[in-house]
Amino acid sequence: RKWVYRFGDGAADGTADMRELLGGKGANLAEMCNLGLPVPPGFTITTDVCNFYDRNGRTYPDGLDREVTGALEAVGEQVGARFGDPAHPLLVSVRSGAPASMPGMMDTVLNLGLNDETVEGLASKAGDRRFAFDSYRRFIQMYSDVVLGVDHGLFEEALETYKERNGFTLDTELGAEDWQTVIESYKAIVAEEQDQPFPQDVHEQLWGAIGAVFGSWQNPRAVTYRTLHDIPDHWGTAVNVQAMVFGNMGDTSATGVAFTRNPSTGEKELYGEFLVNAQGEDVVAGIRTPQSITEAARIDSKSEMPSLEAVMPGPFKELTAIYERLEAHYRDMQDLEFTIQEGKLWMLQTRSGKRTTRAALKIAVDMVDEGLISKEVALGRIKPSSLDQLLHPTLDPEADREVLATGLPASPGAASGEIVFDSDEAEHLRSLGRKVLLVRVETSPEDIHGMHAAEGILTTRGGMTSHAAVVARGMGKPCVSGAGGVRVDYAKEELVAAGTTLRKGDIVTIDGSTGQVMRGAVPTIKPELSGDFAKLMGWADEVRRLKVRANAETPTDARTAREFGAEGIGLCRTEHMFFDEDRIVSVREMILADTEAGRREALQKILPMQRADFVELFEIMGGLPVTIRLLDPPLHEFLPHSDEEIAQVAKGLGADPEVLRARVGELKEFNPMLGHRGVRLAITYPEIAEMQARAIFEAAIEAAERTGSPVTPEVMVPLVATRAELDMTKERIVQVAERVQAETGKALTYLIGTMIELPRACLRAGDIAETAEFFSFGTNDLTQTTFGISRDDSARFLSDYTAKGILETDPFVSIDREGVGELVQIAAERGRAQRADIKLGICGEHGGDPASIRFCEEIGLDYVSCSPFRVPIARLAAAQAVA
Ligand code: PEP
Ligand code: MG
């Protein structure tokens, strides 16, 4: 087995595709050597050694020692030096490098190989004593910190004290003798802290550093990072040992980092920073202000400090050629590290560069245009969920924020406004032109108008599929839900968070993408849907098989959905329409009526309003399919609850408050989610379903006449468990359709189908498909009923399940393939076996989740339906799912 891979002098043992064995850094160093780029020679100790080290009590495999020694000699030969040689010392850097980029591990030790003797050799070789002793003290400090674990603050203190005593302010004022004195105090610190002197043996230094890198793979920060990012433990890290080049050998030396394209805008330009006469850590440490690489960037940033292009034109030109070469080779934007030693350019690292979503889009699209990558590769480069960043206003990353609490990132985007605790008040203030943020313990359908009026919604209870979260996503409004750290007192009209009390009218900002709740108004940046976005979306549409529809009921939502490319409405939740001011009175009248005749009378008043809603929806959707669901929630949701509200409503209705109170009491259920809702309402009160069916069919005829394109409504019956329920309801709907056709003399085409959102319905799907012409999987309720976990209460404890590894992800966010997924698959198979052309879709929150969309593609559903703002995400995810 080979443990050590060498690189240098235009050749290497490894290649770029060996990142599992050599780590990302090692594989790319090898690749750059193979390309003939100027890379200081070195070698990589493989990730296999890391695994061996972990499993064998921190020991190394046989033969490693010999391989390292051989590789060190080869490196020395290439640079004309030897490790530990007092006259011509070889100095090396030692760096970690895992297959995936991993902050939290030991990073770098520079100048390794320096001791009291070799420092003299470096001094005479460089012809600069100050430089040599400065390098030595940096090495002692760095090595002691990262390898020996001595607090680096002690060294900084010692240096500060020395500077103060001797009247220095800047490090650059210290001469060789000064550094020699400082080095003695550094050594004393190490001896004191470690009970032994700083290692003078260069081999001890090297193995110390190698052990520290391998050991850091298991340090708690690295372990946590791996857990959070699904990086397997067995990957291990590699160690890269490489001949030092010096960016701090005077004014013809420099060090810097560069991106081959601008990482925040995606613009094609060499973008980066450098420092003259400095080592790598100086750029990162931020003590000196780095300079721009190109002259154009310098002018842009109005900097007085000259650019690399101006001060070192030769190395700049070479860097420009290299970056073009590397980008063409890797076919992706690269993040480079380089050092210039006495006018000679050296490349220390290349890797694919991190970028904003905006930059990612531009780079992907530009690279297709430049012929570097295919459209399919471009599509794969964009993380669907990252598109959210583009569709909603986001917080200005530069702005200060005072975070008061963190809840769930329920609906993306940022919003600020004065806090109000009541929906009526939100609506009122909005009508006065004020910006408000609705704060509730939780929301209910009664808050819809308040949510509409608000810039954003904050709740202290409820999960990702709570009412607030679902409705806010539908509206495209920012929402933070389940912020347990916020306490709301409705009576006092105030909230308490992080020890701060805020009153009604105080300004708060929420970030629905992170769940943060902040004090005051944090500035935001507006979204801009550029040409790149449209172009990439077009490619996604060419590739995907799944159709993408939207969950929408209001005209605004429907228009947004169309703008974002929805191909129909997959779920129109009609109950949301029942709350509008003009009809809630009639809805309540209907619920309060004792007789069918009384109910029909009230329904008669609702009919024209409901019909008008549907006409508008059909018109906006211009002939695309629209699925309308019959009334789903329990009736008590529409009734007032507090004494005050009851009195008010009774007055409006001309009813006796006591009668009203009694009716509210009658309708109260112990477990409304499993109670009198869904198709069960249609069984008890078929007249409600009939009114809705009539509104739908009449609207279809009217909209078709107005627009000239035929409308085929899809009538959907919710929460069906048995075929008999659906049969009975379908019969009523069909009768209405026939009556409407007879009355108008117009022919109707329509489908009648059902939501599949109960386990029993999944199992009996074959039976149900005899009646249903389509299925729409309501995976919110299906997850709730399969797990037996309340979707409105899960936030309180599901995080424990994910934290403890019982569940990998929240099943209300990403479909539980093994349980809920199997039920969906069974239902799809049985449904198709019964009715070959049955239309299958999904309309739960999972319809907008990329991982769940992949599952829907795998089992061959026809479409997904999600909130309007997720439509672009779903289009891209559906395209990626095909690949
Ligand atoms: C569902 O249950 O998945 C669904 C879409 O319906 P709702 O969220 O309205 O219950
Ligand atoms: Mg449901």
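All of the numbers you see were taken from the coordinates with simple rules; none came from a lab. The structure displayed is predicted, hence computed values, not measured ones. Every residue, glycine as well, gets a Cβ built from its backbone with ideal geometry; the counts of neighbours run over all protein chains shown.
With the simple model of a label 7 Å out from the Cα in the direction of the Cβ, T501 to H641 spans 2.6 nm. Mind pulling the angle between the C-alpha long axis of helix 686-707 and the longest principal axis of the chain? Nearest 10 degrees, somewhere in 0 to 90. Here the helix axis deviates by roughly 70 degrees.
Per-residue Karplus couplings for segment 643-655, computed as 6.51 cos²θ - 1.76 cosθ + 1.60 with θ equal to phi - 60°, are listed in order as 3, 4, 5, 4, 4, 5, 5, 4, 4, x, 7, x, 10 Hz, Gly and Pro entered as x.
With respect to the chain, whose longest principal axis is taken over its alpha-carbon atoms, helix 871-882 is tilted by about 70°.
Sorting D54, D613 from the fewest to the most surrounding beta carbons within 10 angstrom yields D54, D613. Compute the Cα gyration tensor for segment 393-525, then decide on rounded, prolate or oblate, letting a ≥ b ≥ c be the square roots of its eigenvalues: rounded whenever a/c is under 1.5, prolate when a/b is larger than b/c in the other cases, and oblate in all that remain. Judged from the Cα gyration tensor, segment 393-525 comes out rounded (a/c under 1.5).
Using Cβ point charges alone (K and R +1, D and E -1), the dipole size of the chain about the Cα centre works out to roughly 1840 debye.
Counting only alpha carbon atoms, the long axis of helix 64-79 and the longest principal axis of the chain meet at about 70°. Dividing the mean sequence gap of close Cα pairs (under 8 Å, 6+ apart) by how many residues the chain holds gives a relative contact order of 9 percent.
Peptides 299-312, 512-525, 774-787 ordered by packing proxy, namely the average of other Cβ atoms within 10 Å per residue, highest first: 774-787, 512-525, 299-312. Treating r as the C-beta distance of N671 and D837 and R0 as 22 Å, the FRET efficiency rounds to 0.05. Across segment 254-355, C-alpha contacts under 8 Å between residues 6 or more apart give a mean separation that, scaled by the residue count, equals a relative contact order of 28 percent.
How many percent of DSSP beta bridges within segment 393-525 run antiparallel, rounded to 5?
Values: 25 of 34 bridges.
Restricted to segment 393-525, the bridges split so that about 75 percent are antiparallel.
Considering only alpha-carbon pairs that sit under 8 angstrom and 6 or more positions apart, the relative contact order computed for segment 28-102 is 17 percent. Loop-resident GluC sites (Glu not before Pro) (DSSP state other than H, G, I, E or B) in segment 499-607 with no more than 10 further Cβ atoms inside 10 Å of their Cβ: E528. Okay, which of segment 418-432 sit inside 15 Å, backbone N to the point 7 Å along the Cα-Cβ direction of Q648? Hits in segment 418-432 for Q648 at 15 Å: 421-429.
Assuming a ≥ b ≥ c are the square roots of the Cα gyration tensor eigenvalues, decide whether segment 820-879 counts as rounded (a/c under 1.5), prolate (otherwise, with a/b larger than b/c) or oblate.
Prolate shape, in that a/c is at least 1.5 and a/b is the bigger ratio.
Taking 37 °C and 0.692 mPa s as conditions, segment 254-355 diffuses translationally at an estimated 243 µm²/s according to Stokes-Einstein applied to its Kirkwood radius (Cα pairs).
Hydrodynamic radius of the chain by the Kirkwood approach over all distinct alpha-carbon pairs: 31.4 Å. Taking each residue as 0.36 nm, the span from R55 to A87 lengthens on full extension beyond its C-alpha to C-alpha distance by 7.5 nm. Using the Cβ-Cβ distance between A191 and E164 with R0 = 41 Å, the FRET efficiency computed as 1/(1 + (r/R0)^6) comes to roughly 0.95.
Among the trypsin sites (Lys or Arg not before Pro) within segment 768-872, those in coil by DSSP and having at most 15 neighbouring Cβ atoms inside 10 Å are K804. Expressed to the nearest 5 percent, the antiparallel share of DSSP beta bridges inside the chain is 65 percent. Length gained on full extension, A851 to L148: 248.7 nm, using 0.36 nm per residue less the C-alpha separation.
Local charge for G266 was computed over the other residues whose Cβ lies under 9 Å away, with Lys and Arg +1 and Asp and Glu -1, and equals +2.
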